[in-house]
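What follows is a structure written as structure tokens; I'll ask about it next.
The values are calculated or read from the model by the stated rules, or taken from the named source; none is laboratory data. Quick caveat: nothing in here was measured; it's all calculated off a predicted structure. FYI the Cβ positions are ideal-geometry reconstructions off the backbone, even for glycines, and counts take in every protein chain you see. Ligands, DNA and RNA are excluded from the accessible area calculation, which covers all protein heavy atoms including side chains. Shrake-Rupley method; radii C 1.70, N 1.55, O 1.52, S 1.80 Å.
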Amino acid sequence: MAEKLVQHRHCQMCLKATPLGEEFCNDDCKEKWNQLIKANKKKNLMVMVWMVIVVIFAVLILSFV
Ligand SMILES: [Zn+2]
């Protein structure tokens with residue numbers, strides 16, 4: 001029984017059980033996952049850019065006060 005539990009993984013996208021060694025149940029999920037990762041990376045980059053802008057503004061404002 002314990003062996004059976006070890007012998008499968010779950011699709012990272014839809015969490016369905018997938019064969020051993022497979023991270024996704026099909027190519028659709030793989031594609032969706034990759035798009036999600038890409039979107040997340042872009043989002044993180046935007047957040048970082050905004051943080052830098054806010055810090056620069058904060059420093060500018062503080063230096064004028
Ligand atoms: Zn899936």
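List the number of the failed condition for E22; all other conditions in (1) more than 12 Å from the ligand (Cβ to nearest atom); (2) open to solvent by less than 100 Å² (accessible area, probe 1.4 Å) hold.
It is condition (1) that E22 fails.
Based on what the data block shows, is L15 at positive phi, modelled with pLDDT of 90 or more and within 16 Å of the ligand (Cβ to nearest atom)? Working first, answer last.
Numbers: at positive phi: yes; modelled with pLDDT of 90 or more: yes; within 16 Å of the ligand (Cβ to nearest atom): yes.
So L15 fits the description; yes.
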